[in-house]
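The values are calculated or read from the model by the stated rules, or taken from the named source; none is laboratory data. Quick caveat: nothing in here was measured; it's all calculated off a predicted structure. Backbone-built Cβ (ideal geometry, glycine too); neighbour counts: all protein chains shown. These accessible areas exclude ligands, DNA and RNA; they are computed on the full protein's heavy atoms, side chains included. Shrake-Rupley method; radii C 1.70, N 1.55, O 1.52, S 1.80 Å.
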Amino acid sequence: MRMGRVIGSVVSTRKDPKLVGVKLLIVENLTLELEPEGGYVVAVDAVGAGFREVVLYAAGSSARQTEQTKDRPVDAVIMAILDQFDVGGRTVRLA
Amino acid sequence: MRMGRVIGSVVSTRKDPKLVGVKLLIVENLTLELEPEGGYVVAVDAVGAGFREVVLYAAGSSARQTEQTKDRPVDAVIMAILDQFDVGGRTVRLA
Amino acid sequence: MRMGRVIGSVVSTRKDPKLVGVKLLIVENLTLELEPEGGYVVAVDAVGAGFREVVLYAAGSSARQTEQTKDRPVDAVIMAILDQFDVGGRTVRLA
Amino acid sequence: MRMGRVIGSVVSTRKDPKLVGVKLLIVENLTLELEPEGGYVVAVDAVGAGFREVVLYAAGSSARQTEQTKDRPVDAVIMAILDQFDVGGRTVRLA
Amino acid sequence: MRMGRVIGSVVSTRKDPKLVGVKLLIVENLTLELEPEGGYVVAVDAVGAGFREVVLYAAGSSARQTEQTKDRPVDAVIMAILDQFDVGGRTVRLA
């Protein structure tokens, strides 16, 4: 999984039928210093993530292992909203 | 998923039997400023995307989760055409 | 999928039993200008591709969705030989 | 698999139900000289890895092949703690 | 698949139970000129590869398609030892 920040969302009316009702968010990849890393992904929101929240997303076939994504043509899912992380002895609170 | 722009198509007569009737489009990766990112993918069109449209594509095994791609040897599928996206408080209309 | 050019082949006698009879080709990645992109992949040939031909290959689990590759430990398959492609209004004939 | 060092952990209360009870660690990628390579991954701990230990992690669908990760939306798992490795005739003891 | 050279091995006693008896080798990626490409992978040896041999490895779910790796949390497998390869009209003998 990678850490990212929710920075937006996409709207689509012409899409595969299996995508109806799926919420798609834009997530920018973050470094461990919470700086943008220079890439982004569009991921299904499985946890009700809000704008600017720091999340974890899973990619590949693992992205289809939630109730919201099962059997759907999606390759990334937000599966956790982070409260805090600890890295190198430093604690970063996010909530 | 990644955002891309449909910039072309490919034609093949000698191909795996499972690819008969599959429409293959060339999609260039886009940044969130809608600039080409420097890479491309050839993806199955599952939604009737048109030339120059901005789309989402899914890669890997997830690309086989549409009716058009099930059990086929394809690793990328266009599964949505974007109407608009919102990023960092900015709304970008595409349709 | 990615576009590539067949530039060679590999020979192996000590290999996993599931690879017996599988033809393995070396494919260099191509840009849309048909220039080498700087990487290569070794892929199973599922379509009878010839030396210097421009092909499409699929990677990951999708590479196992042909008759030649089913259940085999291979992660890339050539599943189409290109006749032509159209990009940005330009038509490139290959056959 | 890749070698990495456990450098931290993440805490999340709002997450997919399948993630309850799963321990998520931050792993930085290592070169064979045990230097940070510049990337990181958040991985499920399947082996009781400790802070600063050098581990192996598996990514993609293979990450779901442990008892702790089966059917869960996770794309990386720590599946071994390294005691030593030998590279180019040099032995590096870690435990 | 990618070509690589076996440059070492790893030893682990604390590991997922499914890894018992699995031989893990360190493989450096090679260019077609047999130069190190700057990356490495730790892969299961399914073919009895020796130190310094040039091999092919498969990654992702395909890495679980050998008898040695079935259902195991591993994402790379050495599935062939190369005898020779031909590239651009040049033949390189390895055995």
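How charged is the neighbourhood of E:R14? Take every other residue with its Cβ under 13 Å from the Cβ of E:R14, and add Lys/Arg as +1 and Asp/Glu as -1. Can you show the working numbers first?
Working: positive: E:K15; negative: D:D45, D:E53, D:D83, E:D16.
Here the charged neighbours net out to -3.
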Accessible solvent surface per residue of chain A, calculated while the other protein chains remain in place, 1.4 angstrom probe, Å²: 39 Å²
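Counting only DSSP beta bridges with both residues in region B:38-90, tell me the antiparallel percent, nearest 5.
Values: 6 of 8 bridges.
Around 75 percent of the beta bridges assigned by DSSP in region B:38-90 are antiparallel ones.
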Exam field: C:G50 pseudo-label spacings to other copies (7 Å along Cα-Cβ), nanometres: 4.0, 4.0, 6.4, 6.4
Farthest toward positive dipole pole in chain B [+1 Lys/Arg, -1 Asp/Glu at C-beta], among B:I26, B:Q68, B:M79: B:Q68
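DSSP loop GluC sites (Glu not before Pro) in region A:16-95 with at most 14 other Cβ atoms within 10 Å of their Cβ, which ones? Don't skip to the end; give the middle numbers.
Values: sites: A:E28, A:E33, A:E37, A:E53, A:E67; in loops: A:E33, A:E53, A:E67.
Those that pass, being in a loop and sparsely packed, are A:E33, A:E67.
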Within the protein assembly as shown: Cβ-based charge dipole about Cα centre, in debye rounded to nearest 20 (Lys, Arg +1; Asp, Glu -1): 1040 debye
Beta bridge orientation in the protein assembly as shown: antiparallel %, DSSP, nearest 5: 95 percent
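Per-residue Cβ counts within 10 Å, from other chains only, averaged over D:39-50: what number is that?
Details: counts 3, 5, 3, 9, 1, 1, 0, 5, 6, 1, 1, 1.
If you average over the peptide's residues, the count of other-chain Cβ atoms is 3.
Which longest uninterrupted range of chain B lacks any trypsin sites (Lys or Arg not before Pro) assigned by DSSP to a loop state (not H, G, I, E or B) and surrounded by at most 15 other Cβ atoms within 10 Å?
Details: sites that count: B:K23, B:R52, B:K70.
Counting at most 15 other Cβ atoms within 10 Å as exposed, the longest clean stretch of chain B is B:24-51.
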Region B:50-67 versus region E:33-56: alpha-carbon centroid distance in Å: 34 Å
Charge tally in the Cβ shell below 9 Å around C:V55, where Lys, Arg are +1 and Asp, Glu are -1, C:V55 excluded: -1
Nm distances between copies for A:D86, ranked from closest, using label points 7 Å along Cα→Cβ: 3.7, 3.7, 6.0, 6.0
Inter-copy label distances at E:G38 (7 Å, Cα→Cβ; nm, one decimal): 0.7, 0.7, 1.2, 1.2
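How charged is the neighbourhood of B:V44? Take every other residue with its Cβ under 10 Å from the Cβ of B:V44, and add Lys/Arg as +1 and Asp/Glu as -1.
Details: positive: B:K23, B:R64, B:R72; negative: B:D45, B:D75.
Counting the neighbours of B:V44, the net charge comes to +1.
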Which listed pairs, of A:K18/D:K15; C:K70/D:K70; A:K23/D:K18; C:K15/D:K23; A:K23/C:K18, have C-alpha distances above 31 Å, in listed order: C:K15/D:K23; A:K23/C:K18
Average beta-carbon neighbours from other chains, 10 Å sphere, peptide D:79-91: 6
Fraction of alpha-carbon pairs over 24 Å apart in region B:2-93 - percent: 20 percent
Gyration tensor verdict on the protein assembly as shown (Cα atoms; rounded if a/c is under 1.5, prolate if a/b is larger than b/c, oblate otherwise): oblate
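Within a 10 angstrom radius of each residue's Cβ in D:18-25, how many Cβ atoms of other chains show up on average? Whole number is fine.
Values: counts 5, 7, 0, 0, 1, 0, 5, 1.
Averaged over the peptide's residues, the number is 2.
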